[in-house]
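The values are calculated or read from the model by the stated rules, or taken from the named source; none is laboratory data. Being a predicted model, the structure only gives us computed values, none of them experimental. Because the Cβ atoms are built from the backbone with ideal geometry, glycine has one as well, and the counts that use them run over all protein chains shown. What goes into the accessible areas is simple: the full protein's heavy atoms, side chains included, and nothing from ligands, DNA or RNA. Shrake-Rupley method; radii C 1.70, N 1.55, O 1.52, S 1.80 Å.
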Amino acid sequence: MKPPHRENHLIERIGWLRAAVLGANDGIISTASLMVGVAAASTNASEILVAGVASLVAGAMSMAAGEYVSVSSQADTENADLRKEQRELAEQPESELTELTQIYVRRGVEPALARQVAEQMTAKDAFTTHARDELGLAEHVVARPIQAALTSAVTFALGAAIPLVISLLAPTALIAPIVSGGSLVCLAALGALGARAGGADIWKPTVRVTFWGAIAMAATAAIGTLVGHAV
């Protein structure tokens with residue numbers, strides 16, 4: 001008998017993929033927007049570059065801290081639910097077995113067979129079974145704060161480096177339009193790449209991220225122009 005083949009499901013990527021796409025996205029949009037805003041208010045290339053570097057460092061740290069705190073909160077909730085389930089299994093095993101049986105019945109299994117399946121799954125590993133089938137917590141969806149924080153920080157920095165590099169290569173007088181255009185192209189590529197890695201259609205994510213990136217840069221450019229004229 002041939003051994004079962006190993007299937008690689010796209011959902012297994014969701015934890016790091018979400019953090020990676022969010023981090024790179026924010027890195028490009030926030031840094032490019034800030035640089036375009038400063039460029040609209042000032043023609044000093046060093047000021048624009050300092051703003052970009054500051055955005056990269058502060059943004060990467062902020063993303064790491066934000067992801068760690070939010071995903072840690074999710075992990076705390078998951079762990080509290082798991083501890084509660086562990087107590088209930090120890091104190092009310094029969095009630096938990098009945099609850100598991102009803103879960104399988106609601107999924108379309110005949111009651112007698114559902115009871116048999118619940119008993120066999122409970123005998124093998126009651127805690128893992130209830131965590132997965134009752135709470136919906138499987139290995140590939142549990143919260144991983146450190147992974148999320150590191151992924152977000154690194155990808156934000158990589159994304160933020162793009163408008164910085166573009167600004168270094170662009171003539172000072174054309175920094176704003178060149179950084180805007182180059183960043184939008186990179187955002188579109190990132191949207192397509194993220195969609196492809198997640199197994200989704202590439203067009204909608206690509207258009208979505210490019211549109212909102214353009215809105216962000218236009219808004220900061222407008223504000224920078226107003227401030228530059230007012231000061």
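Odds and ends about this structure:
- Here residue 72 meets the list (1) over 30 Å from residue 129 (Cβ atoms); (2) in contact (Cβ under 8 Å) with a residue 24 or more places away in the chain almost entirely, failing just condition (1).
- Given (1) open to solvent by 60 Å² or more (accessible area, probe 1.4 Å); (2) farther than 29 Å from residue 112 by Cα; (3) free of Cβ contacts under 8 Å to residues at least 12 places away in the same chain, index of the condition residue 91 fails: (2)
- For region 15-45, taking the residues that are open to solvent by 60 Å² or more (accessible area, probe 1.4 Å) and either part of a loop (DSSP other than H, G, I, E, B) or at pLDDT 90 or above (or both), the one that is nearest to residue 205 (Cα to Cα) is identified as 34.
- The condition of being assigned to a helix (DSSP H, G or I), over 19 Å from residue 157 (Cβ atoms), out of contact with any Ser or Thr (no Cβ under 6 Å at 6 or more places or on another chain) and at pLDDT below 90 holds for only one of 7, 12, that being 12.
- Among the numbered conditions (1) assigned to a helix (DSSP H, G or I); (2) out of contact with any Asp or Glu (no Cβ under 7 Å at 6 or more places or on another chain), the only one that residue 156 does not meet is (2).
- Selected residue (criterion: farthest from residue 88 (Cα to Cα)) from residues of region 126-168 that are loosely packed, with under 15 Cβ neighbours inside 10 Å and modelled with pLDDT of 90 or more: 168
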